[in-house]
Amino acid sequence: MSESTLTVATFNIHHGVGLDGRLDLARTARVIGGIGADVVFVQELDRYWKRSGDIDQPKKLAALLGAQYRFGATVIRGSQEYGTAIFTRFPITQNRHHLLPNNPGLEPRGLLDVTVRFTAHTHLRLLGTHLQADSAGDATALRQAQTTLISEELDRHPLPTIVGGDFNDVRGATALDVLNSRLTETYTGAKIRRTQAWTRQHSDGTLVDIDHIYVSHHFQIDESWTIPTDASDHRPFVARLTLA
């Protein structure tokens, strides 16, 4: 694999709880480690919550993976935090965390914004997110407002950019139009290795594809696939990219 090629994944880990209802962050780490990704966007991590063993999950997961990381908390209750993280083997040179538009009383949503040194002369911008779920009556409008802010952020630092996360919406959804107008979804134009498109399994058995990776025009999309696993109610979605 050339130095211009990288593997990127996104995985909603459900705070380490699998379809069997068992909390096992080591299992989560084995799934992620088996991908061999250079960058992993992770959603639904806990810090010091009783339900997940009162540990710092991002820190523990980084230690298990041997990765650098940044965590963005969207829910903060005293010492307890919940949010998203980006794990990478590349040196992190900058990070920010932006809160996304939302309505009072709903779970806050954020955009984790990390810059890494890809090569001696090239930096990449990594944007990780977890958009509004359908539990809100106006969820589509909220997701549209959230993706609009993400689109606006693209202009602030026009580096080669990768956006990944749980978008709580399927490919072709109206709320994702603004991203599709600026970026390329890695399911599109890639050699698709996966035989099943879904990445999220609902309790009623419904299968949906709501976890996505988008890239700026700087990248060639080589292939994409999902990883079958029961370690979460989501499957990791993976893309192999080449920086053109």
**Request:** For residues that are surrounded by fewer than 22 Cβ atoms within 10 Å (Cβ to Cβ) and either among the acidic types (Asp, Glu) or closer than 17 Å to residue 88 by Cβ (or both), tally how many sit in segment 42-54.
**Result:** 1
**Prompt:** Here is a list of conditions, (1) in contact with an Asp or Glu (Cβ under 6 Å, 6 or more places away or on another chain); (2) of a type in the set (A, V, I, L, M, F, W, C); (3) surrounded by 22 or more Cβ atoms within 10 Å (Cβ to Cβ), and residue 39 meets all of them except one; can you say which number that is?
**Reply:** (1)
**Prompt:** Counting only residues that are at negative phi and part of a loop (DSSP other than H, G, I, E, B), which one in segment 46-96 is farthest from the chain's Cα centre (by Cα)?
**Reply:** 79
**Request:** Sort out which residues of segment 6-22 are part of a helix (DSSP H, G or I) and in contact with a helix residue (DSSP H, G or I) (Cβ under 8 Å, 6 or more places away or on another chain), and write them in order of number.
**Result:** 15, 16
**Item:** Identity of the residue in segment 181-196, surrounded by 16 or more Cβ atoms within 10 Å (Cβ to Cβ) and either in a strand (DSSP E or B) or not charged (D, E, K, R) (or both), that ends up modelled with the lowest pLDDT
**Value:** 190
**Fill in**
Taking segment 74-94 and the residues there that are among the hydroxyl-bearing types (Ser, Thr, Tyr) and exposed (fewer than 15 other Cβ atoms within 10 Å of the Cβ), the one that is farthest from residue 117 (Cα to Cα) would be 79
**Item:** Criterion violated by residue 1 - all others in (1) within 27 Å of residue 140 (Cα to Cα); (2) at pLDDT below 95 satisfied
**Value:** (1)
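The values are calculated or read from the model by the stated rules, or taken from the named source; none is laboratory data. Note that the coordinates shown come from a computational prediction; the quantities given were computed from them, not determined experimentally. Backbone-built Cβ (ideal geometry, glycine too); neighbour counts: all protein chains shown.
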